[in-house]
Structure formats: structure tokens, C-alpha cells
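Each remark here refers to the structure printed beneath this line.
The values are calculated or read from the model by the stated rules, or taken from the named source; none is laboratory data. Keep in mind the model is a prediction, meaning the values are calculated, not measured. Backbone-built Cβ (ideal geometry, glycine too); neighbour counts: all protein chains shown.
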Amino acid sequence: MEKEALKLVIVGSVDHGKSTLIGRLFYDTDSLPEGKMEEIQAASEAEGKEIEFGFIMDHLREERQRGMTIDTARAFFSTDKRDYVIIDAPGHKEFLKNMLTGASQADAAVLICSACEGVEEQTRRHVYLLRLLGLNQIIVAYNKMDLVGYEQRRFEKVGADLHKFLRRIDIMPTLEVPISAKLGENIASRSPNMPWYDGPTILEGLDRFVKSSLPTEKPVRLPIQDVYELDGQRVAVGRVESGILKRGQTLCFLPSGGRKKVSEIRKFGEQDVEQAGAGECIGVLFDSDPPGRGAVGCPPEHLAEPTESFEASVFWLAGKPLKRGEPLTVRCSTQEKACSVGAIRERVDSSTLEHTERDADALEETEVGELTINTQSPIVVEKFQEVPELGRFVLLRGRDVVAGGIVTSAGA
């Protein structure tokens, strides 16, 4: 029986040990490709260095880029309970882009914080991003305990500093673990150097996480990704984002409002499919010509409401500030619409939580804005808490992704 896969994101400030922790997880769970550890060990010895577990991540990244050995869709490491897929992003910009535009969304997170350096600006920024994305299963790993003499007081001091920030954004970690990623302490096995800590290891904590449940109980939402000509038939493809789609069901496609009946559902490797649930990628044949990319299918009795204005929390990524009223593009699920920011109701510093200005004219890099976004034509969005895939979006300036955000109100 195939084990379930939990998607995990590991974040933290530069040099706090993220790559080392990931390398350790691979190594301690025997999840490395055959011969990989020997290769890294030989290369380290040739340079007269100790094994650096952070090199493992560098090697795997390079192989993925070259299409070798490691497939981005496979589990990176496994325990007896489940497989784990790491959503890798080297910095806050890439992290937010990947989480908002990627096909894989994380079920849980590990925040790594150095016991030496303590809570830094990027640490707080990454915590804010976890909150923005609705992640509430979080392990905080206090790394480099070996460099502070395994002192419990230092662990508690850094933890207290972090808690001040966490309380302000209403986040409570699931677990907090003192570790040495380099030495493998409290990763897969307990550290004899920290007898004052009697909680779970990192791997034990991960196995306690619960895989995010899919919103099958909610009304159907089917954004169309594309239409293909197959054997003389026009097949619409897309992913069911919520609900359960059934053969014979009638859908109303927004924003146009046209109705179509599902005559056939296709899944890879399956025949005579009766239904498809949230999270499944499918092909659909309708009783008439299918709608095009960007149309969102809903049951007539549970329609979403297309809008030309919605409210959102947005994390601005670009060095050039956002100006109120400037032309942008919003991309939400398979929809893409010309838009502009009608109001910047509030500016917030993402690392200090300081509310810097209300009713502002601009938003600076790494600031969070509470915005009103106006589109030139109707778009189908829903509150992030209701249907995440229709509640998360990115903003583009030309072809560049300049912001990511979540919908807080589907009609402004």
C-alpha cells in the first residue's frame, strides 16, 4: 500500500542551517540516492574538510536542474509512517512565488532559527509569510545548540524573543526543538548533550503532523486550464479545487454564465469514471463545446460571484515600489486579468509589524499592504479560507511577478 505524502516547507534566515537540516533529514532517513553520500564524503576529504551536510542539498538541486536522479515530484525522504516532499525555495521572494503559483502547496512547515544569531529580520519575515499562507502546523527548530554549549537558558532566551513576534500575529508553534543539524542531534535521535529537553525529535514531530484535508464537502469549483483536441473530441482539462464533480452534473461557467452538462470525466489510467474530487486533475467532455482557459465551473445552485473589485493582503516583492493606480496583471488559478490597485488602505512592515501608513500612495519592497484591487473585467475569486486556490494570487508588472497575496473579501 502506498504511503501518504505530506508536503513540507523549510524556511529560515540565511546561514541559520536550512540546507544542513535538509541534508540531515535525507541522510538520517536513508533517503539519498545510492552512492551519493560516498561521493560527497570523498569530495569533502579531497579538500581536507569535514562532511558538510548542506552540500547534499546543493548536489540534489543541481541534479534536479539537470534532470538527473532526483525528480521534483517524488518524495525526498521517508519515515515508517509517510513520505515527505520538500517544497524548496531559497529566499522569501522565491518562497512566496513558489507557494502562490506552484502546483504543490505545503501542509506544514519547519522554521529554523539559529541559537547563536537569534531571531533576525528574515526570521520574522518568513514567519509572517507562513501566517499569510495559512500554515498552522509549524515546528520551530533552534539550530546550532552545539555552538552555545547546549545551554537551556540560551534556548529559552531565543524562544522568548521569537514568541513575542509570534503572539502579535497569532501563531502558536506545534513543537519547538533544540537541535544541532550538523551533528544530527534531536533530528532522528535524541541528543545526550541536552538531557533537559525530553520532547520529540524533529522526525517524531513531523510524523505527528496531519495531512491537510481536501475541501470535498464544499461546492464544486473547476477552473479550466486548457482545451485539447483528442481523437476528434475537444477535452477541457483542469483541477477540481473543491467539491466532488459527477458525471451528468450541470455546471455554470463564470464569468460568462454559460451552462454545460458533464458527459464524461477522464482520469489517467482509469475507465468509466463516475466522479472526481478536490485535488484531482482531470479531463472533461461536455454536451457542447467546452469553455476556454480561465473559465470557472460551479453548480448553478452554488455559484461564485464574479467581481471587478476585491480586497486582499499583499506581500510586495519588487525593488521598485507599487504605485496606487499603476497598471498590473492579476493571476489567480488559471485566470489572468488586467488590474490596478484602487486603494492601499494600510502599509505594514513585515519584520516589525509596524503599521507605517494608512491610505497610502505606494508600497515598498517586503511591505505588506491591505489593498483594494480593481480588475478591468470580471474575475472569479473567493476568500482564501474558503477555497484557497481561488483565494491566492500573484501580481505581475509586465512579465515579472512582483507580489503575492490572498483574498480577504471577494467583493469590495
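A few comments on the model shown:
- Some residue of the stretch 346-360 being in contact with a helix residue (DSSP H, G or I) (Cβ under 8 Å, 6 or more places away or on another chain) and at pLDDT 95 or above: no
- Whenever a residue of the stretch 221-238 is part of a strand (DSSP E or B), its partners that are surrounded by fewer than 17 Cβ atoms within 10 Å (Cβ to Cβ) and small (Gly, Ala, Ser), lying with C-beta atoms within less than 8 angstrom and at least six residues away or across chains, give the pairs 224/292; 227/292.
- Flag for residue 110 being buried (at least 21 other Cβ atoms within 10 Å of the Cβ), in a helix (DSSP H, G or I) and within 26 Å of the chain's Cα centre (by Cα): no
- Those residues of the stretch 361-373 which are more than 21 Å from the chain's Cα centre (by Cα) and surrounded by 19 or more Cβ atoms within 10 Å (Cβ to Cβ), in sequence order: 363, 371, 373
- Test: residue in the stretch 139-162 that is touching a Lys or Arg at 6+ places or on another chain (Cβ under 7 Å), within 20 Å of residue 7 (Cα to Cα), at pLDDT 95 or above and β-branched (Val, Ile, Thr): no
- Some residue of the stretch 334-351 being touching a residue at least 40 places away in the same chain (Cβ under 8 Å), more than 30 Å from residue 164 (Cα to Cα) and of a type in the set (A, V, I, L, M, F, W, C): yes
- Cβ pairs under 8 Å, 6+ apart, first in the stretch 176-192 and in the same structural domain as residue 203 (by TED's automatic domain parsing), second in a strand (DSSP E or B) and among the aromatic types (Phe, Trp, Tyr): 176/142; 177/142; 178/142; 179/142
- In the stretch 335-349 there is no residue matching the filter, namely being assigned to a loop (DSSP other than H, G, I, E, B) and not assigned by TED's automatic domain parsing to the domain that holds residue 279.
- Residue match in the stretch 39-53 (condition: at pLDDT 75 or above, part of a helix (DSSP H, G or I), assigned by TED's automatic domain parsing to the domain that holds residue 188 and under 19 Å from residue 189 (Cβ atoms)): no
- Those residues of the stretch 1-27 which are part of a helix (DSSP H, G or I) and over 22 Å from residue 211 (Cβ atoms), in sequence order: 18, 19, 20, 23, 24, 27
- All positions within the stretch 136-184 that are part of a loop (DSSP other than H, G, I, E, B) and of a type in the set (A, V, I, L, M): 169, 171, 172, 179, 181, 183
- When residues of the stretch 375-400 are limited to those that are of a type outside the set (Asp, Glu), within 17 Å of residue 329 (Cα to Cα) and surrounded by fewer than 19 Cβ atoms within 10 Å (Cβ to Cβ), the one modelled with the lowest pLDDT: 399
- Qualifying residue in the stretch 263-281 (condition: touching a Phe, Trp or Tyr at 6+ places or on another chain (Cβ under 8 Å), surrounded by fewer than 14 Cβ atoms within 10 Å (Cβ to Cβ), at pLDDT 95 or above and assigned to a strand (DSSP E or B)): yes
- Restricting attention to the stretch 241-262 and to residues that are surrounded by 18 or more Cβ atoms within 10 Å (Cβ to Cβ) and among the small types (Gly, Ala, Ser), the residue that is farthest from residue 387 (Cα to Cα) turns out to be 243.
- Complete set of residues in the stretch 210-227 that are hydrophobic (A, V, I, L, M, F, W, C), modelled with pLDDT of 95 or more and surrounded by fewer than 21 Cβ atoms within 10 Å (Cβ to Cβ): 227
- Residue check for residue 371: assigned to a strand (DSSP E or B) and either of a type in the set (Ser, Thr, Tyr) or within 22 Å of residue 223 (Cα to Cα) (or both): no
- Failed criterion for residue 162 (all others in (1) more than 20 Å from residue 17 (Cα to Cα); (2) surrounded by 14 or more Cβ atoms within 10 Å (Cβ to Cβ) hold): (1)
- If you filter the stretch 402-412 down to residues that are at pLDDT 90 or above and of a type in the set (A, V, I, L, M), you find that the one that is surrounded by the fewest Cβ atoms within 10 Å (Cβ to Cβ) is 406.
- Residue within the stretch 377-398 that is assigned to a strand (DSSP E or B), among the basic types (Lys, Arg) and outside the structural domain of residue 162 (by TED's automatic domain parsing) present: yes
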